[in-house]
1. Considering only segment 217-234, state which residues are modelled with pLDDT of 85 or more and open to solvent by less than 30 Å² (accessible area, probe 1.4 Å).
2. Report the residue count in segment 254-284 for those that are aliphatic (A, V, I, L, M) and without any contact (Cβ under 8 Å) to a residue 40 or more places away in the chain.
3. If you go through segment 304-314 one residue at a time, do you hit one that is open to solvent by 20 Å² or more (accessible area, probe 1.4 Å), of a type in the set (D, E, K, R) and at pLDDT below 90?
4. Could you figure out which of (1) more than 30 Å from ILE329 (Cα to Cα); (2) open to solvent by 20 Å² or more (accessible area, probe 1.4 Å); (3) in contact (Cβ under 8 Å) with a residue 24 or more places away in the chain; (4) of a type in the set (Ser, Thr, Tyr) isn't true of SER237?
5. Scanning for something in a helix (DSSP H, G or I), exposed (fewer than 15 other Cβ atoms within 10 Å of the Cβ), touching a Leu at 6+ places or on another chain (Cβ under 8 Å) and at pLDDT below 65, does segment 118-133 turn up at least one residue?
6. Cβ-Cβ below 9 Å, separation at least six or inter-chain, first residue in segment 316-335 and without any contact (Cβ under 8 Å) to a residue 40 or more places away in the chain, second assigned to a helix (DSSP H, G or I) and not β-branched (Val, Ile, Thr): which pairs?
Amino acid sequence: MATISFEHLLDILFVPICIQIGALIVGSFLSRLINRYLQSNVNRDSWQYIFVNALKGLPISWCSGVGLYWTINSLSIPETISRLLSYLLFAVIIFTLTRVIARTLSGMIDFYTMRSDQNMPKTSLLNNLINILVYSMGALIVLQYCGISVAPILTALGVGGMAVALGLQDTLANIFAGLHLILSKQLRLNDYIKLSTGEEGRVSDITWRFTTLQSVSNNVVVVPNQSISKAIITNYSMPFQDITVSVAIGVSYDSDLDKVEAVCIRTAKEILSKLDPEVKAEPVVRFNLFADSSINFNVIMHVSEFTNQYIVKHEFIKAITKEFRKENIEIPFPVRTIINNKE
């Protein structure tokens, strides 16, 4: 009897197993085609790439869903189990569709960001909001299909949301402050900023509650969004990415100022071509003061990024000192004349 029951069970499950295996094979084949397309020399800024990338990994789920649908129709199973499987199939379909929509919207934000020259940053805050909104709508659709009324759920969420909002005022304030920073375009990813409270660094991310800054010393500075929205922000990357660097120097009164200017400009060009070749602006020299023992001036250079100024200053000071010694240009020490009035 046991052998007969086992053979009967195999007869029942043979067709569904074959259907599922075939569905997995087809799904795996389609997934490989999508991965091959994404790894090819395709324009990553195109709409085709955004949509195909949104489909990545989903053909297996879709083919499994189709196999499940055929399985339901090929077996004589109780109505309760059939209904449960149909609910499962619908949930899989809605989940995969919402996933495609969420990925597509994220890709569209990337596309818009690149087309608008990064005027609107793409951060994890925007990604999280998109995912929560899309997946919540998908969950409500599944519940409605399963016969569960969503109206009481929405009512309960509304009442509970008011209570939660009262208890999470600081968190909600940080969330809305983060959205304000993004939509107002005051900050962009990779901008170097300094707050009136003293914190400074490169913006690496804007999350639900915090904005993360990467300091020059490679430390992470975490600042609440609400604090940033209240602070005075100096953005060294806006409206242009490059900034000016000024190095103050003094030479003796006996120096040939035309020669001094030429040596400084030549040395600055050599340093910039070596350390920051993206800079197109020419360095300039501006004499500004007859000091007690020297004629003072500034060598003004452009650097492509805020953090480049430190290495450029470092190398320029070493190089200009060497050049002045070679050209016999004196950088005088402060001179004080002491008069002894002893009788």
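The values are calculated or read from the model by the stated rules, or taken from the named source; none is laboratory data. Since this is a predicted model, take the numbers as computed values, not measurements. Neighbour counts run over all protein chains shown; Cβ positions are idealised from the backbone, glycine included. Ligands, DNA and RNA are stripped out before the accessible areas are found, and what is left, the full protein with its side chains, is counted by its heavy atoms. Shrake-Rupley method; radii C 1.70, N 1.55, O 1.52, S 1.80 Å.
1. Within segment 217-234, just VAL223 meets the criteria.
2. Keep residues of segment 254-284 that are aliphatic (A, V, I, L, M), which gives 257, 260, 262-263, 265, 268, 271-272, 275, 279, 281, 284.
If we keep only those that are without any contact (Cβ under 8 Å) to a residue 40 or more places away in the chain as well, we get 257, 262, 265, 279, 281, 284.
The total comes to 6.
3. Yes - at least one qualifying residue is present in segment 304-314.
4. (2)
5. No, segment 118-133 has no match at all.
6. That search, which allows pairs on different chains as well, returns nothing.
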